[in-house]
Amino acid sequence: MKFVFDLDGTICFKGQPLSEGITNALESCIKNGHEIIFASARPIRDLLPVLPETMRKFSMVGGNGAFVAQNGETIEVTAFEAETVEAIQNIISNFQLPYLVDSDWDYAYTGSEAHPIYQNLDPLKLAKKVALQDLKGIVKIVLFPGEHLNEILIELKKLPISIYEHTSENIVDMSPNGIDKWNGLTKLGIAEGDFIAFGNDANDASMFVKAKESVCVGEHKVRELASLQVSSEEAAVIEMLQTLSEKYK
């Protein structure tokens, strides 16, 4: 069986690398004959540092599906259409919004250095922070809407994009039209009903509805789509992983 894991808030917490306990549970899952796949909102650049080196060549989906990597190589990157980027830039300008914008590797950032996103941004210093106009092939956009959330969502929903609202962090996360984690998994050759999914947020919904079993970590709205639920405590996640690993061995 394939086991697909979201990262932040699911198997890694507060931006820290996978703990020894989680890592051991994943390794035990592999020993039971299963394949581990990671599917995160992070671009591949920021996904790698939280993984142990032994797992950095595993199949993975980054940027909510915009990046797909296999055997340590990024095999596909999906960028926004130029006219869509221009429309989003106009929204940024009109509302004077801070942002994080990713290309296939480099990024532009104008948000607060106190925001949790900044703490997780290119921790290994592998990329360059550049001006927005200097980015080529924009793949992922995060806006910090402040008090303008509802107005901004009205404008964004007019565009051909995938939108994920994260109310706890007060951010709006965008991917190119039709791109989501399930879309990314299909590019790895994964079939519906052929995997177990662990996640905790709206961007995991597309995986949950296609999975054989889906586990919501914590109390979140996406729980409505999950077949199983555990508390957002490491021990509970490990126990559920061990249970399912044995069940499908």
Let's test the formula: R0 of 41 Å, r as the Cβ-Cβ distance of Glu35 and Ile154. What FRET efficiency results, to the nearest 0.05? 0.50
Can you send over the solvent-accessible area of Glu27, 1.4 Å probe, protein chains only, in Å² to the nearest 10? 70 Å²
Where Lys and Arg each count +1 and Asp and Glu each count -1, what net charge lies around Thr167 among other residues with Cβ under 12 Å from its Cβ? -3
When all protein chains stay in place, what accessible area (Å², nearest 10, 1.4 Å probe) is found for Asp122? 0 Å²
Would you please classify the overall shape of the range 95-151 from the alpha carbon gyration tensor, given that a ≥ b ≥ c denote the square roots of the eigenvalues, rounded means a/c under 1.5, and beyond that prolate means a/b larger than b/c while oblate covers the rest? oblate
Of [x] 22; [y] 25; [z] 15, the label for percent of Cα pairs over 33 Å apart derived from the coordinates: [z]
Per-residue HN-Hα couplings for the range 92-104 [Karplus 6.51, -1.76, 1.60; θ = phi - 60°; Hz; x = Gly/Pro]: 4, 5, 5, 9, 6, 8, x, 7, 10, 10, 10, 8, 5
If the cut-off is a Cα-Cα distance under 13 Å, which aspartates and glutamates reach Lys140, setting aside same-chain residues fewer than 8 apart in sequence? Asp46, Glu81, Asp102, Asp104, Asp106, Asp173, Asp180
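Treat every Asp and Glu Cβ in the chain as -1 and every Lys and Arg Cβ as +1, leave all other atoms uncharged, and give the resulting dipole magnitude about the Cα centre to the nearest 20 debye. Before the final figure, lay out the partial values.
Working: 22 positive and 36 negative charges, 101 e Å.
Its charge dipole is roughly 480 debye.
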Considering the options Ser168, Met207, Ala236, tell which one lies farthest towards the positive end of the dipole of the range 94-249, charges being +1 on Lys and Arg and -1 on Asp and Glu at the Cβ, about the Cα centre. Met207
Net charge within 13 Å of Met60 by Cβ-Cβ distance, Lys/Arg positive one each and Asp/Glu negative one each, not counting Met60 itself? +2
Cβ-based charge dipole, the range 44-161, positive-most Cα from Ala127, Met60, Leu159: Met60
Can you list residues from other chains, or at least 5 along the same chain, whose modelled amide H is less than 5 Å from the amide H of Ala39? Phe5, Asp6, Leu7, Val61
Pairs Lys158/Lys181; Lys2/Lys212; Lys125/Lys181; Lys128/Lys187: which exceed 19 Å Cα-Cα? Lys158/Lys181; Lys125/Lys181; Lys128/Lys187
Accessible area (Å², 1.4 Å probe, nearest 10) - Ile190: 10 Å²
Beta carbons within 10 angstrom, averaged per residue: use that to sort the peptides 241-247, 216-222, 4-10, highest first. 4-10, 216-222, 241-247
How much accessible area per residue does the chain have, counting only protein heavy atoms and a probe of 1.4 Å, in square angstrom? 46 Å²
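Summarise the accessible area of the chain (1.4 Å probe, protein heavy atoms) by the percent that is carbon and sulfur. Could you put the intermediate results ahead of the total?
Details: 5320 of 11410 Å².
Ligands and nucleic acids excluded, carbon and sulfur reach 47 percent.
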Would you mind computing, in nm to one decimal, how far apart the modelled labels at Glu27 and Gln70 are, each placed 7 Å from Cα along Cα→Cβ? 2.7 nm
What are the aspartates and glutamates whose alpha-carbon lies under 15 Å from the alpha-carbon of Lys31, with same-chain residues fewer than 8 places away excluded? Glu246
Please compute the net charge surrounding Ala226, taking Lys and Arg as +1 and Asp and Glu as -1 over other residues with Cβ under 9 Å from its Cβ. -2
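The values are calculated or read from the model by the stated rules, or taken from the named source; none is laboratory data. Computed from a prediction, not measured in an experiment: that's the story for all the values here. When we count neighbours, we look across all protein chains shown, and the Cβ atoms used for this are built from the backbone with ideal geometry, even at glycine. Each accessible area value is taken on the protein alone, full model and side chains, heavy atoms only, with ligands, DNA and RNA left out. Shrake-Rupley method; radii C 1.70, N 1.55, O 1.52, S 1.80 Å.
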